[in-house]
Amino acid sequence: MKPRFVLLYGSQKGQAQAIAEGVAEEAETHGLFAELSCLENNEKYNLETETAPVVFIVSTTGDGEPPDNALKFVRNIKKKTLSSDHYKHISYALLGLGDTNYANFCNCGKAIDRRLRELGASQFYASGYADDGVGLELVVDPWIKGLWNAIKEELSNMTSKQTESNLASPSVSTTQTAGSDLRPDSSSRRIGLSSRTDGALSADAGVASLTHSLPPLSQSALNIPALPPPYLCVSLQEMETTEDVRTIDKNLQEVPISKATQLTRGDSVKTALLLELDISTLPAMTYQPGDAFDVYWPNSATEVEDMLHRLGLQDQRNHRVLISLLKDTKKRGKADCVCLPEHVPKLQPRPYSVASSCLRHPGKLNFVFNIVEFPACSGRTAGRRGLCTGGLFDLISSRLVLPGNVKSSSKPALPKIHVNLRPTCTFRPPADVSVPFMMVGPGTGVAPFIGFLQQREEQRRQNPLATFGETWLFFGCRHRDQDFLFREELESFVSSGVLSHLQLSFSRDDPEEQEGADETISPTAQRRYVQHNLKLHGRQVTDILLKQKGCIYVCGDARNMAKDVDTTLMEVIKAELGMDQLEAMKTLAALREEKRYLQDIWG
Ligand code: NAP
């Protein structure tokens with residue numbers, strides 16, 4: 001009889017199921033038998049007594065939820081009544097499927113993984129988390145390839161443990177042994193990058209090296225596939241020259257920052273900066289309102305230095321890391337080595353929306369961002385700033401124009417940054433200027449709408465006789481006097497008629513104070529969030545969207561704001577048009593389909 005293992009899947013759209021079925025089929029060719037079950041069919045498997053290795057393949061759906069057929073399983077293992085050794089007899093491996101374009105990447109897989117370990121289960125093979133955003137196969141294929149040896153090794157460890165235990169207590173019956181702890185010593189069977197294969201790079205057990213990862217790095221969610229280290233050779237090769245990736249990529253443009261202004265008051269919760277780039281000599285940087293662009297920012301030199309020290313590689317900074325199969329190995333795994341670099345997370349460029357129109361500012365490109373702050377916490381002794389926003393701040397701090405100041409005092413040479421334009425096809429103001437539109441953009445989500453309105457202002461100047469549709473902006477921030485971004489410009493758009501309605505929400509201002517404040521801008525400024533104002537103007541929203549065939553644009557935070565705005569739009573449609581939930585959903589879906597409900601949401 002072939003040695004068995006248990007294979008459980010949780011699948012929403014069938015992908016995890018298909019992968020699990022493929023694994024079950026392939027098991028045969030490796031001389032193994034997979035007992036395949038869906039997680040919801042709990043009559044087919046029994047983790048309470050299982051002693052064979054268990055393999056989980058689970059996807060994540062919606063906002064990080066388990067697939068429907070794994071819901072009950074997840075609920076069960078989360079029960080607080082379970083003791084910390086409830087699953088100490090379980091030895092498992094887990095493959096999670098997810099998509100980094102959505103919030104809570106691989107949340108279901110990670111939650112199961114975490115909970116199993118809390119309940120005493122041990123991992124015999126490192127978890128794989130595959131990203132549909134870049135291609136599941138990048139993780140799935142090498143993970144499955146490594147799985148077979150891991151299962152065999154685990155089965156043989158289990159057998160030798162069982163033999164040892166039988167020898168030690170010969171009176172114990174087979175049935176009793178099957179239910180006892182069959183886990184071999186976990187340290188000898190962890191699969192990861194921890195084995196030492198190369199003399200030059202090896203390190204003591206407690207010291208981090210290229211082949212030995214220690215917390216907190218070893219606990220971070222890097223999607224590095226588990227490779228069988230005993231067959232790997234890791235070595236360093238000196239390089240004569242080093243190349244900066246920013247100078248290799250021919251698409252990148254090096255542009256000077258011509259102006260930097262702080263938009264928020266010193267006491268505001270977040271600090272927002274407006275930077276102006278001088279693109280006058282770069283015809284390739286032609287943009288439209290609604291476009292975004294990437295900023296490429298290198299790792300901080302001090303942090304790179306710290307990392308080299310941690311790995312004991314400070315004298316080998318200009319070396320290339322070579323990974324190959326050991327010469328005398330019989331293992332075939334060339335493809336795994338080739339795949340490895342693809343899984344090492346690349347330093348990602350940071351995208352920002354363009355916050356200007358080149359009709360209004362020829363040769364210039366503006367963008368706005370909040371300086372990201374990470375306060376000190378356990379595991380981070382000192383606070384730190386975001387890599388790119390912190391780096392940009394350091395670069396321009398000496399020429400920063402503070403609120404209330406017209407000019408900066410010093411004029412050092414213009415600092416330059418590397419950028420790449422990311423044009424959009426859809427997030428653009430309506431081509432027909434008579435079409436009315438609404439914009440919803442709290443915080444820095446207002447950025448693209450500044451470009452929309454600057455463009456509209458120029459269009460009105462150039463075509464004074466044309467008919468222009470109504471424009472609405474729903475903007476929100478915390479305090480009118482602290483972080484009301486682009487306040488003067490927005491007020492001037494209202495006075496000139498470029499912006500027909502500016503609806504403001506100050507989430508942390510005292511509502512009483514707001515009532516008396518500046519009613520010329522918006523009589524409803526006391527509303528807390530943008531969606532409260534949308535609801536208040538529900539009739540106009542449905543009128544513009546459904547009667548006048550207008551458009552609505554939403555920009556900003558994807559996690560909370562965009563969802564809440566979506567729910568509000570649904571409620572408004574239901575209330576104003578007397579529709580039920582299903583009809584309202586279909587109406588919103590049709591608006592999306594017709595590209596009249598557009599989102600540019602982040603995070
Ligand atoms: P923010 O300061 O976090 O928030 C702005 C306002 O939104 C605050 O008054 C906040 O209120 C409120 N808010 C909080 N939860 C909300 C909810 N569920 N619904 C509606 N409003 C809510 O804004 P931000 O930090 O600038 O973030 C804007 C987002 O836009 C970020 O995700 C950013 O990545 C994205 N974005 C940036 C750019 C860019 O070019 N930089 C472009 C487009 C989008 P309270 O804090 O008082 O709750």
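The values are calculated or read from the model by the stated rules, or taken from the named source; none is laboratory data. Just so it is clear, the structure is predicted and the values come from calculations on it, not from any experiment. Virtual Cβ from ideal backbone geometry, glycine too; neighbours counted across all protein chains shown. Surface areas here come from the heavy atoms of the whole protein model, side chains and all, with no ligands, DNA or RNA. Shrake-Rupley method; radii C 1.70, N 1.55, O 1.52, S 1.80 Å.
So, in region 558-603, exactly how many residues are polar (S, T, N, Q), more than 13 Å from VAL541 (Cβ to Cβ) and within 16 Å of the ligand (Cβ to nearest atom)?
3
Which residue, of GLU21, GLU28, is under 18 Å from LEU136 (Cβ atoms) and either assigned to a loop (DSSP other than H, G, I, E, B) or open to solvent by 30 Å² or more (accessible area, probe 1.4 Å) (or both)?
GLU21
Identify, please: which residue in region 477-489 is closer than 17 Å to CYS555 by Cα and free of Cβ contacts under 8 Å to residues at least 60 places away in the same chain and is, among those, nearest to the chain's Cα centre (by Cα)?
Only one residue fits best here, namely CYS477.
Please indicate, with yes or no, whether at least one residue in region 404-418 is within 14 Å of the ligand (Cβ to nearest atom), in a strand (DSSP E or B) and either within 24 Å of the chain's Cα centre (by Cα) or of a type outside the set (S, T, N, Q) (or both).
Scanning region 404-418 turns up no residue that is within 14 Å of the ligand (Cβ to nearest atom), in a strand (DSSP E or B) and either within 24 Å of the chain's Cα centre (by Cα) or of a type outside the set (S, T, N, Q) (or both).
Might you check whether a residue that is of a type outside the set (Gly, Ala, Ser) and crowded, with 23+ Cβ neighbours inside 10 Å occurs anywhere in region 39-51?
Checked region 39-51: at least one residue is of a type outside the set (Gly, Ala, Ser) and crowded, with 23+ Cβ neighbours inside 10 Å.
Need pairs with beta-carbon distance below 9 Å; first residue in contact (Cβ under 8 Å) with a residue 40 or more places away in the chain and part of a loop (DSSP other than H, G, I, E, B) and within region 297-321, second surrounded by 14 or more Cβ atoms within 10 Å (Cβ to Cβ) and of a type in the set (Ser, Thr, Tyr); sequence gap 6+ or separate chains.
Pairs found: TRP297/THR389; LEU311/SER209; GLY312/SER209; LEU313/SER209.
For a quick check of your reading of the model, give me the residue pairs whose first member lies in region 528-550 and is within 14 Å of HIS501 (Cα to Cα), whose second is assigned to a loop (DSSP other than H, G, I, E, B) and open to solvent by 50 Å² or more (accessible area, probe 1.4 Å), with beta-carbon atoms closer than 6 Å and at least 6 apart or on different chains.
Listed by first residue and then by second, the contacts come to ASN533/ARG527.
Out of all the residues in region 283-300, which are farther than 30 Å from GLY451 by Cβ and open to solvent by 80 Å² or more (accessible area, probe 1.4 Å)?
Matches in region 283-300: ASN299 only.
Here are the criteria: (1) under 24 Å from the mean Cα position of the chain (by Cα); (2) assigned to a strand (DSSP E or B). Tell me which single one LEU36 does not satisfy.
(1)
Can you say whether THR241 is part of a loop (DSSP other than H, G, I, E, B) and touching a strand residue (DSSP E or B) at 6+ places or on another chain (Cβ under 7 Å), as far as the supplied structure shows?
So THR241 fails the test.
Looking only at region 365-380, filter to residues that are within 15 Å of the ligand (Cβ to nearest atom) and assigned to a strand (DSSP E or B); which one of those is surrounded by the fewest Cβ atoms within 10 Å (Cβ to Cβ)?
PHE374
Which residue, of ALA150, ALA111, ALA93, ALA70, is of a type in the set (A, V, I, L, M) and not in a helix (DSSP H, G or I)?
Of ALA150, ALA111, ALA93, ALA70, the one residue that is of a type in the set (A, V, I, L, M) and not in a helix (DSSP H, G or I) is ALA93.
The rows are residues; the columns are (1) open to solvent by 50 Å² or more (accessible area, probe 1.4 Å); (2) modelled with pLDDT under 85; (3) within 16 Å of the ligand (Cβ to nearest atom).
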position	(1), (2), (3)
VAL338	yes, yes, no
HIS343	no, yes, no
PRO351	no, no, yes
LEU359	yes, no, no
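Run ARG428 past the list (1) open to solvent by 20 Å² or more (accessible area, probe 1.4 Å); (2) more than 28 Å from ASP267 (Cβ to Cβ); (3) more than 16 Å from the ligand (Cβ to nearest atom) and report the number of the one that doesn't hold.
Of the numbered conditions (1) open to solvent by 20 Å² or more (accessible area, probe 1.4 Å); (2) more than 28 Å from ASP267 (Cβ to Cβ); (3) more than 16 Å from the ligand (Cβ to nearest atom), the odd one out for ARG428 is (3).
Here is a check on your reading of the model: is VAL6 modelled with pLDDT of 95 or more and either of a type in the set (Ser, Thr, Tyr) or over 26 Å from the mean Cα position of the chain (by Cα) (or both)?
Numbers: modelled with pLDDT of 95 or more: yes; either of a type in the set (Ser, Thr, Tyr) or over 26 Å from the mean Cα position of the chain (by Cα) (or both): yes.
Considered against the rule, which asks whether it is modelled with pLDDT of 95 or more and either of a type in the set (Ser, Thr, Tyr) or over 26 Å from the mean Cα position of the chain (by Cα) (or both), VAL6 comes out as yes.
Scan region 301-315 for residues that are surrounded by 12 or more Cβ atoms within 10 Å (Cβ to Cβ) and of a type in the set (Ser, Thr, Tyr) and jot them down.
Scanning region 301-315 gives no hits.
Quick test of your reading of the structure: ARG115 fulfils all but one of (1) modelled with pLDDT under 95; (2) open to solvent by 30 Å² or more (accessible area, probe 1.4 Å). Name the failing condition by number.
Among (1) modelled with pLDDT under 95; (2) open to solvent by 30 Å² or more (accessible area, probe 1.4 Å), the lone unmet condition for ARG115 is (1).
Keeping to region 443-478, report how many residues are within 16 Å of the ligand (Cβ to nearest atom) and either in a helix (DSSP H, G or I) or open to solvent by 40 Å² or more (accessible area, probe 1.4 Å) (or both).
Qualifying residue count, region 443-478: 13.
For region 490-513, which positions are closer than 15 Å to THR471 by Cα and either within 16 Å of the ligand (Cβ to nearest atom) or under 33 Å from the mean Cα position of the chain (by Cα) (or both)? Break it down stepwise before answering.
So in region 490-513, the residues closer than 15 Å to THR471 by Cα come out as 490-504.
Once the filter is applied, which keeps residues that are closer than 15 Å to THR471 by Cα and either within 16 Å of the ligand (Cβ to nearest atom) or under 33 Å from the mean Cα position of the chain (by Cα) (or both), region 490-513 yields LEU490, LEU502, GLN503, LEU504.
Which one of VAL440, VAL435, VAL401 is surrounded by 12 or more Cβ atoms within 10 Å (Cβ to Cβ), closer than 30 Å to THR567 by Cα and more than 16 Å from the ligand (Cβ to nearest atom)?
The match here is VAL435.
Which count do you get for residues in region 138-161 that are under 17 Å from GLN123 (Cβ atoms), touching a Pro at 6+ places or on another chain (Cβ under 8 Å) and free of Cβ contacts under 8 Å to residues at least 60 places away in the same chain?
Count: 2.
Please work out which one of (1) under 29 Å from LEU504 (Cα atoms); (2) assigned to a loop (DSSP other than H, G, I, E, B); (3) not hydrophobic (A, V, I, L, M, F, W, C) is the condition PRO362 fails and give its number.
The single condition PRO362 does not satisfy is (1).
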